[in-house]
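No value in this document is a laboratory result; all are computed from the given coordinates. Nothing here was measured: the structure is a model prediction, and the numbers come from that model. Every residue, glycine among them, receives a Cβ derived from its backbone with ideal geometry; neighbour counts consider all protein chains shown.
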Amino acid sequence: MAAVLFLLLLAQAPARPAAISPAAARLLAAGSAALAAGKPQAAIVDFRRATRLAPRFFGAWNDLGAALARARRLPEAARAYRRGLAVAPDNPDLLRNLGVTEFRRRHFARALPLLRRSARLDPGNFQAADLLGMSYLARNRNRAAARWLGRASRLHPRDPRALYLLGQADLRRGDMAALTNDFARLMHVAPDSAEAHMMMAMAYDHGNREPLALKEWLAAEKINPQFPGVHDGLGLGYWKLDHPAEAEREFRRELAGDPNDYAANYFLGRLLLRTGQLPRAARHLQRATAAGPRAYMPWLELGRVDMMLHHPRRALAPLRRAARLKPHSVRAHFLLGNAYAQLGQPAAARRQRALAAAARAKSWADYNRLLAKAPRQKR
C-alpha cells in the first residue's frame with residue numbers, strides 16, 4: 001500500500017521535481033495511513049516532517065493541507081496548499097483543495113478564482129463546478145451560479161442536492177421555465193427527498209401559497225433536520241403566516257448550525273427590529289451584510305436601525321451601500337437625507353431628498369405606464 005501511494009505521488013510531481021528521499025517517502029506513507037485511520041493529528045506530524053525533507057514536492061504540501069483541513073485547522077491548511085501552489089501553480093487538485101478550504105472559511109471571493117482555475121484545468125470535476133455554483137450563490141451572483149450548478153448537475157445528473165441548488169439559482173434569477181425543468185428532473189431522481197420537498201416549498205412560497213409551503217418545509221425537516229436552509233424556510237413560512245415566536249425559534253435553530261447564515265441573520269434582525277430590540281437587531285443585520293454583501297435590504301435595514309439608535313454618522317455607510325446597490329431606492333435616499341440633515345449638512349440632505357423625490361416620481365411613472373398597458377376589466 002505504501003509503495004502504491006508513493007508511486008501515485010511521484011506520478012503527480014511537477015516535470016522536474018526535487019529528489020524525494022526514502023525517509024520522506026516513508027513519512028508520506030505513514031501520514032496517509034494515519035489519516036485513513038482517522039488520526040489527523042498524527043498525520044500532520046508525519047506530513048510536516050515530510051515537507052521539511054522534500055519542500056519542492058507539492059504532494060507533501062497537498063497531503064499536509066488535507067490533514068490540517070481534516071483537523072479543522074483551516075487557516076493552516078490554506079497556508080500549506082499555497083506552499084504547494086508555489087511549486088506547482090497549475091495543479092488542479094491543489095487549486096481545488098485551496099478553493100474548498102476558502103469556501104469552508106466563507107471566503108467566497110478568494111475561493112472563486114481558485115475554483116475557476118481548477119475547473120478550467122479539470123473540466124470534468126464535479127466538486128469544482130458544484131462549489132463554484134455555491135460560491136456564486138452565496139454572493140448573489142445568480143446567473144453565474146446557475147451556469148456552474150448546471151454543469152455540476154450534468155456531471156452528476158442523479159445528485160438531488162445539485163439539482164436543488166440549481167433550482168434556487170434559477171428561482172432567484174426569475175427563470176421559471178428553467179426552474180420547472182429543474183423540478184421535473186428532481187422529482188424523477190428523488191421524489192421523496194428533502195431536496196424535493198424544499199423545492200416544492202420554494203415553488204409554493206413563490207406563488208404566495210404559504211400554508212402549503214410550510215407543509216413542504218415541515219416534510220423536508222422530518223426527512224433531514226440538518227438540511228441547510230430547512231429552518232430558514234420554516235422561519236420564513238411562520239413569518240409570513242404571522243407567527244413571530246415560531247419564526248424566531250427556527251431562525252435561531254439555523255444559526256446554531258451556521259452562525260453566519262445570511263437568511264437567518266437577516267430575518268432575525270428584522271424580527272428583533274419589529275420588537276424594539278435594536279442593538280441585537282443591528283448585530284444580526286451586520287452578519288447578514290457580511291454574508292450577502294450584494295443584497296440591498298440588509299444594508300438598508302442596518303442603516304435604519306442606526307438612525308433609530310440616533311447614530312446618523314454610523315448610518316451613512318450602510319445607507320450609501322444600499323443606494324449604490326439600488327440607485328432608485330426611495331427609502332435609501334430619504335434616510336440618507338435625514339442622516340445628513342441631522343449631521344448639519346443641508347446641501348447633502350437636499351441632494352438626497354431630491355434623489356428620493358425623483359425615484360418616487362419614476363416609480364409612479366412606471367406604475368401608471370404598466371396600468372395603461374393592462375387589459376381593462378369588463379364591468
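Calculate how steeply helix 262-274 sits against the longest principal axis of the alpha-carbon atoms of the chain, using the helix alpha-carbon long axis, and give the answer as 0 to 90 degrees to the nearest 10.
Around 30 degrees separate the two axes.
If you bin every alpha carbon distance in region 236-374 into 5 Å steps from zero, what whole percent lands in each bin?
2, 11, 17, 18, 16, 14, 11, 7, 4, 0
To the nearest 20 debye, what is the magnitude of the charge dipole of region 171-280 about its Cα centre, counting +1 on the Cβ of each Lys and Arg and -1 on the Cβ of each Asp and Glu?
260
Would you mind estimating how fast region 269-311 diffuses translationally, via Stokes-Einstein at 10 °C and 1.306 mPa s with the Kirkwood radius over Cα pairs, in µm²/s?
Estimated diffusion coefficient is 160 µm²/s.
Please give every one of the aspartates and glutamates within straight-line cross-link reach of LYS222, meaning a C-alpha to C-alpha distance under 17 Å, and leave out same-chain neighbours fewer than 8 residues apart.
ASP192, GLU195, ASP232, GLU246, GLU250, GLU254
Please find the FRET efficiency linking ALA358 to ASN181, where r is the Cβ-Cβ separation and R0 is fixed at 35 Å, and quote it to the nearest 0.05.
Values: r = 40 Å, r/R0 = 1.16.
In this case the efficiency is close to 0.30.
When the distances between all Cα atoms of region 185-235 are binned every 10 Å from zero, what whole-number percent does each bin get?
Percent of pairs per bin, in order: 32, 55, 13.
Return a whole-number percent for the relative contact order of the chain, with Cα pairs under 8 Å and 6 or more residues apart as the contact set.
RCO, the chain: 6 percent.
Could you line up VAL45, VAL230 from fewest to most neighbouring Cβ atoms inside 10 Å? List each step's numbers first, then the result.
On the way: VAL45 15, VAL230 26.
By the 10 Å Cβ count, ascending: VAL45, VAL230.
Would you list, by chain and number, the aspartates and glutamates whose Cα falls below 13 Å from the Cα of LYS215, excluding same-chain residues fewer than 8 positions away?
The qualifying aspartates and glutamates are ASP205.
So what is the calculated 222 nm ellipticity per residue for the chain, using -39500 (n - 2.57) for each DSSP H run with n of 4 or more, over all residues, to the nearest 500 deg cm²/dmol?
Per the formula, -25000 deg cm²/dmol.
Net charge near ALA162, counting Lys/Arg +1 and Asp/Glu -1 over other residues with Cβ under 11 Å of its Cβ?
So the surrounding residues net to +1.
Once you have the Cα-Cα distance between ARG106 and ARG52, take 0.36 nm times their residue separation minus that, and quote the gain in nm to one decimal. Before the final figure, lay out each step's value.
Numbers: separation 54, 0.36 × 54 = 19.44 nm, distance 3.01 nm.
Net length gain for the segment: 16.4 nm.
Taking the Cβ of LEU115 as the center, what net charge do the other residues with Cβ under 9 Å away carry, scoring Lys and Arg +1 and Asp and Glu -1?
Every neighbour counted, the sum reads +2.
Between ALA341 and ARG173, what is the label-point separation in nm under the 7 Å Cα-to-beta-carbon projection?
Spacing of the two 7 Å Cα→Cβ label points: 4.2 nm.
Just to confirm my numbers, what's the Cα centroid distance between region 257-319 and region 191-220 in Å?
27
Using only the alpha-carbon atoms, how far is helix 244-257 inclined from the longest principal axis of the chain? Give it as 0 to 90 degrees, nearest 10.
20
Relative to the first principal axis of the alpha-carbon coordinates of the chain, what is the inclination of helix 126-138, with its axis defined by its Cα atoms, in degrees from 0 to 90 and to the nearest 10?
Between the helix axis and the principal axis of the chain, the angle is about 30 degrees.
Among the aspartates and glutamates, which have Cα under 18 Å from the Cα of LYS326 when same-chain residues fewer than 8 positions away are ignored?
Cα-Cα hits under 18 Å: GLU301, ASP366.
Can you sort ILE223, ILE20, ILE44 from fewest to most other Cβ atoms within 10 Å of each residue's own Cβ?
Going from sparsest to densest Cβ surroundings: ILE223, ILE20, ILE44.
Any chance you could tell me what percent of the C-alpha pair distances in region 96-196 go past 22 Å?
26
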